[in-house]
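The next block holds one structure in the form of structure tokens; read it before the comments.
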Amino acid sequence: MKFAVIVFPGSNCDHDAYHAAKHVLGQDAEFIWHKETSVKGADVVILPGGFSYGDYLRTGAIAQFSPVMTAVKAFAAGGGPLLGICNGFQVLCESRLLPGALLRNRDLKFHCAHVHLRVEQTDTPFTMRAFRGQVLSVPIAHGEGNYFADAQTLAELEASRRIVFRYCDESGQVTDAANPNGSLSNIAGICNDTRNVVGLMPHPERACESSLGSTDGLVLFDSVVASLAADGALTA
Amino acid sequence: MSTVDAALLDRHALKPDEYERIVAALGREPSFTELGIFSVMWSEHCSYKSSRVHLRTLPTKGSRVLQGPGENAGAVDIGDGMAAVFKIESHNHPSFIEPYQGAATGVGGIIRDIFTMGARPVALLNSLRFGPMDGAHGARTRRIVEGVVAGIAGYGNSIGIPTVGGEIVFEEPYTGNPLVNVFCLGLSRADALVKGRADGVGNPVYYVGAKTGRDGIHGATMASAEFDEKSAEKRPAVQVGDPFMEKLLLEACLELMKSDALIGVQDMGAAGLTCATSEMGARSGSGIEIDVMHVPQRESGMTPYEIMLSESQERMLLVVKKGREREVEEIFDKWDLHAAHVGVVTGDGLLRVKDHGSVVAEIPNTALVDDAPVYNRPMSRPAYLDEVQQFDPSTLPRVHPQDALLRLLSSPTIGSKRWVYRQYDHMVRTNTVVLAGMGAAVIRVKETSRALAMSVDGNGRYCYLDPRRGAMLAVAEAARNVACAGAQPIGATNCLNFGNPERPEIMWQFAEAVQGIGEACRALDVPITGGNVSLYNETDGKAIYPTPVLGVVGVIEDASRALTRAFHGSDDDIVLLGETHEELGGSEFLRTLHGVVRGQPPRLDLRQERALIDLLVGAASAGVLQSAHDCSDGGIAVTLAECTFDTGGIGCEVDLPPDHGVETALFSESASRVVVTAAHQDLDRLLKMAAERGIPARVIGRTGGTRLRITVGGQHAIDCDVREAEQRWSGALAGHFQRQAS
């Protein structure tokens, strides 16, 4: 199984996603430079965190025009599992692969800390091994993670069960105090209507080894591996 | 040819006798461009003219040292063929004038120093000093703090290098002159270190990175003068950082370094193109000829003088092998960077600058670099010392110990720095095995089973009271902090922040501090591999405390053995290693509770310190320790309180020996002391290991419960709820900014 990690100029969590896929999961992984025009037969594509193009203009705004994004969009349209982490989530929103936008954190400051996430939906390739209501301890590190969408979009997301992760407290309660950035409805991550494209602000790749304080992020990677294995079994 | 008069020399901060030396070195009057080049290369910032005679006395060699001072950064061997490349540098003056950009470009500069050596930067730390956040200048100080922190975050977060630790102090003498010292560490193969050399006559010289603008002209000269009320007018001399450009440069340079097309590289930091060309030439005994018409320029109509002196950020100078130009240009093209071929290496030892083919400057590199003036400046012991060293603690009013502890915990210098470090991405690169705020910073080295611990420490108050001992204590504290994480200290870098060296009292402080650093580094076997000197830290004639800051790097052989300050669980034995003496002089207790900065800093027995470090490293690697925390600011009471924080409320019951009274027992800052915990079954082993090394070790209590209970000789002293104390501590710094927001 092969993970592709897209590298935009300014990506800086590309090595971390690669390390998680390659060395923690033991899967095949490859960096794909943004000027490439194919995802090179990858089974999973990750848009990593960082500051693509320096986050100049708007976070994630310029990366959507990178040549590789045409191939990424085709991969997603074909049902391939695509995960956007942090800046990658911002790129997905800017590319219209996911609805909404990420605004500046409500206190206007960058936050780096472990937070708690509640898994809301388990019928995505990145959460199928989690259970509904499971609380994950995963770090955030962003200045612009305040999820916003208009009321209609938000209602659609709720109705179609596309809010995949919400910020919560240790016990799983979704409270304002547990919301680190002011996101509407404590939204930490969402998926598209075909559920194969998932974007989230927290960094699951930073929570895959006990020496780093948490292995709760592994469930996203384990899920996609299991999901692809299941697909393979079905199509074989 | 310009007419050189006193006013022109003054504008270039050159003394008349220095001008005579320039004329002698050239055998003629300099051109205007040449005068500018000399002025920046001979500035205090670039030439170390006041400090050089003293710095020479520092120990810089050791079995682990791969690169000592003189290159862009130092390097030590960390085993398995790997090297840690590190250095600390100041950006004090720019950060006062323009806090965000001053701090941001400081971070950018030190990162360039590290990857210039061929190392991938993996960790940033910083040492910050500001004035008090309340009082007359409180509002301005809070703005400076916010700006500096945001600038460090803005640059480090964007470029993707974790800011994993540091120290922050708030004290009156830094009100008009904050200190912003930034440390960076990178990793490289030991056999792949790159040097800033210009070898091989005929090899092409490339310029890559941001375009040259008029920003930062005479930045190095600005950093070599005192401040006054007109300092704000110098704002144009502060540069603007572009972390995205630097990220591209970093990746492109590391990619180029994997090929063997590169001869040498240097970043254009202080004194820009001038410094890079002359230093690279001087190191190789060669010359460099460039034509400024090829230098990419951001503004039109720039003169050769401006181009040579600009300190625009994110620029590198490279010497590559002739015939490999295509390969080099292709790598930079990949990263959308333009590599401009600006010149060539020559054999004549000259820095030759042309403008559209005609020579505008021609100076022997040795005159700029090696023959820069060296001053043995007059020194005299300051008169204030006799006065302030007198101190009788019995004259102080009594304070209830618990009130004293809570006041210390709620002071911003001791309080939690979470408000600051949560603005820094301290986890990117997934190596941070000890999170910020938990003790020395620890990052794992993925290619090995090892980890590196780092700590930056200084104590300006101690150095004000006794510069030599204060500097020794700074070395000892940084080394001890690293050892508390379980790491063997193997190398150090220093940032020496002082006032105006033309004043004999300041020069004396400087010389004494350097002596102290040398003595301590020799005794603890931590050689100095590089660093930085920042002089003229004065505003309106008022100097800062003499403030040497030490950055120490250590190796933990087994990353899984890394320790933090926090208690690990209940029912562990709490052991005090080292002895408490009646040493309240210069303490945080005196300053915070009584507003007194007097007395003598604690004594330091370097042999004892070395044995203590050896014990900590040995006990940690043997797995007999659960936690370790150095006793320093605020004494053992603060240490114990901090051990209970971030544990989910694990308390302790401790009884301290009453030998010199309650205040000494709780708040003395005697050196070479560490509070450790051990599981009960490991206690005997620990005590035996301590006895073998001659380290006093006394079981003072046990972890457990939810209260912090300390008695002295059985008499009640402190009994408070851990969470309540932790709340005070957590809000100490953050509270200043919440108040401001409301």
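The values are calculated or read from the model by the stated rules, or taken from the named source; none is laboratory data. Source: prediction; values computed, not measured. With ideal geometry, Cβ positions are generated from the backbone for all residues, glycine too; neighbour counts draw on all protein chains shown.
Do we find that B:S380 is under 30 Å from B:R598 (Cα atoms) and touching a Pro at 6+ places or on another chain (Cβ under 7 Å) in this structure?
yes
What is the number of the single condition among (1) surrounded by fewer than 21 Cβ atoms within 10 Å (Cβ to Cβ); (2) in a helix (DSSP H, G or I) that B:I22 does not meet?
Of (1) surrounded by fewer than 21 Cβ atoms within 10 Å (Cβ to Cβ); (2) in a helix (DSSP H, G or I), only one is false for B:I22: (1).
Report whether or not B:T303 is out of contact with any strand residue (DSSP E or B) (no Cβ under 9 Å at 6 or more places or on another chain) and more than 14 Å from chain A (Cβ to nearest Cβ).
Against the criterion (out of contact with any strand residue (DSSP E or B) (no Cβ under 9 Å at 6 or more places or on another chain) and more than 14 Å from chain A (Cβ to nearest Cβ)), B:T303 does not qualify.
For region B:415-466, give me every one of the strands (runs of 3 or more DSSP E) that falls completely inside it and has 2 or more residues that are within 12 Å of chain A (Cβ to nearest Cβ) and either at pLDDT 95 or above or touching a strand residue (DSSP E or B) at 6+ places or on another chain (Cβ under 6 Å) (or both). Spell out how you get there, then give the answer.
Numbers: elements: B:432-434, B:441-444, B:451-457.
So the answer is B:432-434, B:441-444.
Of everything in region B:178-197 that's in contact with a helix residue (DSSP H, G or I) (Cβ under 6 Å, 6 or more places away or on another chain) and farther than 20 Å from B:L248 by Cβ, which residue is farthest from the other protein chains (Cβ to nearest Cβ)?
Filtering first and then ranking leaves B:R197.
With the structure loaded, tell me whether B:M280 is closer than 14 Å to B:L351 by Cα and buried (at least 24 other Cβ atoms within 10 Å of the Cβ) or whether it fails that test.
Numbers: closer than 14 Å to B:L351 by Cα: yes; buried (at least 24 other Cβ atoms within 10 Å of the Cβ): yes.
When the stated conditions are applied, B:M280 passes them.
Would you confirm whether any residue within region A:118-126 is in a strand (DSSP E or B), more than 14 Å from every other protein chain (Cβ to nearest Cβ) and out of contact with any Pro (no Cβ under 8 Å at 6 or more places or on another chain)?
From region A:118-126, those in a strand (DSSP E or B) are A:118-119; that's our starting set.
In the following step, the residues that additionally are more than 14 Å from every other protein chain (Cβ to nearest Cβ) were identified as A:118-119.
Now narrow it down to the ones that are out of contact with any Pro (no Cβ under 8 Å at 6 or more places or on another chain): A:118-119.
Yes, that holds for at least one residue.
Pick from region B:140-173 the residues that are among the hydrophobic types (A, V, I, L, M, F, W, C) and in a strand (DSSP E or B): which of them is nearest to the other protein chains (Cβ to nearest Cβ)? Steps first, answer last, please.
The first filter runs over region B:140-173 and keeps only residues among the hydrophobic types (A, V, I, L, M, F, W, C), leaving B:144-145, B:148-150, B:152-153, B:159, B:161, B:164, B:168-170.
If we keep only those that are in a strand (DSSP E or B) as well, we get B:164, B:168-170.
Values: B:V164: 11, B:I168: 16, B:V169: 22, B:F170: 20 Å.
Residue satisfying both the conditions and the ranking: B:V164.
Going through region B:332-388 one residue at a time, which ones are closer than 21 Å to B:A24 by Cα, among the small types (G, A, S) and buried (at least 19 other Cβ atoms within 10 Å of the Cβ)?
Residues satisfying the conditions are B:A361, B:A367, B:A372.
Looking at region A:177-207 only, could you name the residues that are over 20 Å from A:Y167 (Cβ atoms) and either surrounded by 19 or more Cβ atoms within 10 Å (Cβ to Cβ) or touching a Leu at 6+ places or on another chain (Cβ under 7 Å) (or both)?
Passing the criteria: A:N192, A:R195, A:N196, A:V197.
Since A:S137 meets every condition but one in (1) away from chain B (no Cβ under 14 Å); (2) in contact (Cβ under 8 Å) with a residue 60 or more places away in the chain; (3) assigned to a strand (DSSP E or B), which condition does it not meet?
(1)
Write out, first by first residue and then by second, each pair whose Cβ atoms fall under 8 Å of each other, whose residues are 6+ apart or on separate chains, and whose first residue, in region A:210-230, is closer than 20 Å to B:A436 by Cα and within 12 Å of chain B (Cβ to nearest Cβ) while the second is part of a helix (DSSP H, G or I) and among the small types (G, A, S).
Short answer, once both residue conditions are applied: A:S211/B:A559; A:S211/B:S560.
Could you tell me whether region B:407-414 includes any residue that is over 15 Å from A:H114 (Cβ atoms), β-branched (V, I, T) and not in a strand (DSSP E or B)?
yes
When you check B:V399 against the structure, is it under 19 Å from the mean Cα position of the chain (by Cα), touching a residue at least 24 places away in the same chain (Cβ under 8 Å) and not in a helix (DSSP H, G or I), yes or no?
no
Would you mind stating whether B:S127 is over 24 Å from B:V194 (Cβ atoms) and modelled with pLDDT under 95?
Spelling it out, it is not the case that B:S127 is over 24 Å from B:V194 (Cβ atoms) and modelled with pLDDT under 95.
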